[in-house]
Amino acid sequence: MPKKSFWTFALALTAFCLVLLFAGNESVQSQRREVTPQDLQRRRDIEAELQSIAVVERKLMIPMRDGTRIATDVYRPKDASKKYPTIFVRTPYNFNFWDVRNGAPRDLSSELEAVKRGYAHVTMNERGRFFSEGNYDILGPPLTDGVDELDWIQKQPWSNGKVGTIGCSSTAEWQLAVASQGHPAFTTMIAQGFGAGVGRVDGFYEQGNWYRGGAVQMLFIAWLYSQQNQVRPMFSPSATQAELIGAARAFDLAPQLPQVDWSKALRHLPVKDIMKAAGGPNGVFADRMPVDTGGAMIAREPNDRAWYKGGLWHDNMRINIPGFWFMSWYDVSIGPNLAAFNHVRKTASPAVANQQYAVIAPTLHCAFRRATENTVVGERSVGDARLNYDDLTYGWFDHFLKGENNGILEKMPRVRYYTMGLNKWQTSDTWPPRGAQPMTLFLSSGGKANTLNGDGALVEVAPAADNADRFEYDPTNPVPSVGGNVCCTGNAITAGAFDQRQNEARPDVLVYSTEPLKEGIEVSGPIEVTLYVSSDAKDTDFTIKLLDVYPDGRAYNLDETIQRMRYRDGYDKPNVWMQAGKVYKMTLSPLTTSNYFAAGHRIRIEVSSSNFPRFDRNLNTGGRNYDEAKGVVARNAVHHSKQYPSSVKISVVRNMISRGEGR
């Protein structure tokens, strides 16, 4: 088994957050899982070894240009005759060196491993979190904090002037925008599960996973419950470093919020009051705040100017450093993430463009290391999806931060991706894989595609006549989210692949399937869905799921998307409304996957108007939605004919055998 490393630290921070979303309590890292006496002794042994080989500096308070001080811990080799590259981890999560609830050091194995390998390890809290001063906003803006932090590291007498960043989720998402600032010390980044750092890119306006197709992704409501603690205890600015270290053994400044049943709490209307109804603190979700973006996130539109004032990266912000990008098929935003990777490859200088590499695993958000010999994602087994991530990430850092000629760039494919169904790692020099070809399937039915037992089909030629499929969408009875490409919703959704037949029994779910495939098909790349729709509502939503249907009927979800109709002409354009009886063409944001549909399987899409609480419910009124408590029933229809060629365009790869690789 590989040694634990800074990768473990980065993923552990994220894992803590996921546990806490249901608990509503960020400081329960230790007591929410059993910590054995053996665990505690191992931690003490790690601390003792760290103290013996490292210079340990804790609770440094590093001033930013506006005087706000950022809490910082540094671990570096004791040999002062050398200068060292820095592994820099910045996080909104609790990294207090002392586990105050178990009376022992926290697990510092990642810091120890970094020092043993000849690195300085620097961890900082974002502004407004724990011991760091200031007001919190998502991704730790202003961007000048990142510049000032890199300045500080670069100027230390022990620094060799090269800094690499690593982290997953919120510990990764800030990296992109700060990388675009062009600081000379920022040498390389390893960003994992970084979707909430991507604002606008190549047609996606998700603004850090806040939206999908203009609908609100509700995960942030649960996540912010334990994050936006603007009214919080702080130590005196005059407290010394020694006093802060002593205090940290008794106080970690982590909030102890009541538990929330998010499966119920997210149903509250209006949406803007969900946090208040759950007993959460004021903050950037619904309240005006003294931060550059102004807060009040739920009241924004997808192209609101506030999205461009915080810590998000947008496609007009050039990244020109080597990047190692880690993604996963069942994360929140694989489409925008891959678009960001491709965008940097197109816009960086030629040399740096050739130093962008990607790994796409078949796992949940930041669950790369939890892959096993039999990796199960939700209910579906996807085989042995393990990789040696320590070898990959340390090899990367050794090359770029130490200048080692270890051949890692020559050994690695530009894109290593896992194909589910085929259950193997594959390689390509591009995404989509070179040779991927579009194949278009058209929606068809006799007008009764409702439910699994309806007559919906995916066919190679658009039907001649329009036998529209109709259903009622009632916001008080939305289609429940079963699994999905999601994280951080507490107990409201369990992410991953699950059999969707329970939803396919509903009359407000349209089901379109191919006949059983005579030959297997690898679908790797974007999936573009175009629908021709109508409604008697002024505004409504349409949702899509792509599924792999097994011969025994199991229907596993692969990816999902949604489109709020008022934004169908573009997120940077005025809202447009629907008129009863009129048919509108609408193209949803692309889905993305890599899945092998074996012979005998079917390709299926579901169409509906809700996927809740994955996305917020459209109340169908044409109002602002976030401040409304009552909706109306929408009578929606999907049209399909030569005149209205509703379709799904998939990316088919034929030469899969030649691209396979061993683990």
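The values are calculated or read from the model by the stated rules, or taken from the named source; none is laboratory data. Model, not experiment: these values are computed from the prediction. Glycine gets a Cβ as well: all are built from the backbone with ideal geometry, and neighbour counts include every protein chain shown. Note: areas computed on protein heavy atoms with side chains; ligands, DNA, RNA excluded. Shrake-Rupley method; radii C 1.70, N 1.55, O 1.52, S 1.80 Å.
For segment 282-310, give me each residue that is of a type in the set (S, T, N, Q) and touching a residue at least 60 places away in the same chain (Cβ under 8 Å).
T293, N303
Restricting attention to segment 271-286, and to residues there that are open to solvent by less than 50 Å² (accessible area, probe 1.4 Å) and hydrophobic (A, V, I, L, M, F, W, C), which single residue is nearest to Y225 (Cα to Cα)?
M275
Among the residues of segment 399-413, is there at least one that is in contact (Cβ under 8 Å) with a residue 60 or more places away in the chain and farther than 21 Å from F194 by Cβ?
yes
If only one of V231, V260 is surrounded by 13 or more Cβ atoms within 10 Å (Cβ to Cβ), assigned to a loop (DSSP other than H, G, I, E, B) and β-branched (V, I, T), which one is it?
V260
Restricting attention to segment 198-218, does a residue exist that is of a type in the set (A, V, I, L, M, F, W, C), open to solvent by 50 Å² or more (accessible area, probe 1.4 Å) and at pLDDT 95 or above?
There is no residue in segment 198-218 that is of a type in the set (A, V, I, L, M, F, W, C), open to solvent by 50 Å² or more (accessible area, probe 1.4 Å) and at pLDDT 95 or above.
Tell me which residues, restricted to segment 145-175, are closer than 23 Å to D66 by Cβ and of a type in the set (A, V, I, L, M, F, W, C).
If the condition is that a residue be closer than 23 Å to D66 by Cβ and of a type in the set (A, V, I, L, M, F, W, C), then V147, L150, W152, I153, V163, W174 are the ones that fit.
Within segment 190-211, is even one residue assigned to a strand (DSSP E or B), of a type in the set (S, T, Y), in contact with a strand residue (DSSP E or B) (Cβ under 7 Å, 6 or more places away or on another chain) and farther than 23 Å from D292 by Cα?
Among the residues of segment 190-211, not one is assigned to a strand (DSSP E or B), of a type in the set (S, T, Y), in contact with a strand residue (DSSP E or B) (Cβ under 7 Å, 6 or more places away or on another chain) and farther than 23 Å from D292 by Cα, which makes the answer no.
Tell me, yes or no, whether segment 639-647 has at least one residue that is charged (D, E, K, R), open to solvent by 10 Å² or more (accessible area, probe 1.4 Å) and touching a strand residue (DSSP E or B) at 6+ places or on another chain (Cβ under 8 Å).
No: zero hits.
Identify all residues within segment 133-164 that are over 14 Å from H121 (Cα atoms), small (G, A, S) and not in a helix (DSSP H, G or I); write none if there are none.
Once the filter is applied, which keeps residues that are over 14 Å from H121 (Cα atoms), small (G, A, S) and not in a helix (DSSP H, G or I), segment 133-164 yields G134, G140.
Is it fair to say A436 is over 28 Å from the mean Cα position of the chain (by Cα) and either farther than 24 Å from F324 by Cα or small (G, A, S) (or both)?
no
Are any residues in segment 535-552 in contact (Cβ under 8 Å) with a residue 12 or more places away in the chain, open to solvent by 20 Å² or more (accessible area, probe 1.4 Å) and more than 29 Å from the chain's Cα centre (by Cα), and if so, which ones?
Across segment 535-552, the qualifying residues are D536, K538, P551.
Residues that are touching a Lys or Arg at 6+ places or on another chain (Cβ under 8 Å) and on the phi > 0 side of the Ramachandran plot: does segment 632-647 have at least one?
no
Tell me, which residue of segment 556-583 that is of a type in the set (K, R) and open to solvent by 80 Å² or more (accessible area, probe 1.4 Å) is farthest from D541 (Cα to Cα)?
K573
Out of all the residues in segment 324-337, which are of a type in the set (G, A, S) and either surrounded by fewer than 24 Cβ atoms within 10 Å (Cβ to Cβ) or in contact with a helix residue (DSSP H, G or I) (Cβ under 6 Å, 6 or more places away or on another chain) (or both)?
S333
Looking at segment 467-476 only, could you name the residues that are open to solvent by 20 Å² or more (accessible area, probe 1.4 Å), under 34 Å from the mean Cα position of the chain (by Cα) and not acidic (D, E)?
Result: R470, T476.
Can you find even one residue in segment 149-168 that is buried (at least 24 other Cβ atoms within 10 Å of the Cβ) and within 21 Å of M297 (Cβ to Cβ)?
no
Looking at A449, A464, which is the one that is open to solvent by 50 Å² or more (accessible area, probe 1.4 Å) and over 23 Å from the mean Cα position of the chain (by Cα)?
Result: A464 is the single residue among A449, A464 that is open to solvent by 50 Å² or more (accessible area, probe 1.4 Å) and over 23 Å from the mean Cα position of the chain (by Cα).
Condition test on R434, is it at pLDDT 95 or above, of a type in the set (K, R) and either closer than 24 Å to T592 by Cβ or crowded, with 20+ Cβ neighbours inside 10 Å (or both)?
No; evaluated as a whole, the condition is false for this residue.
Could you count how many residues in segment 497-526 are farther than 17 Å from N450 by Cβ, in contact with a Lys or Arg (Cβ under 7 Å, 6 or more places away or on another chain) and surrounded by 24 or more Cβ atoms within 10 Å (Cβ to Cβ)?
1
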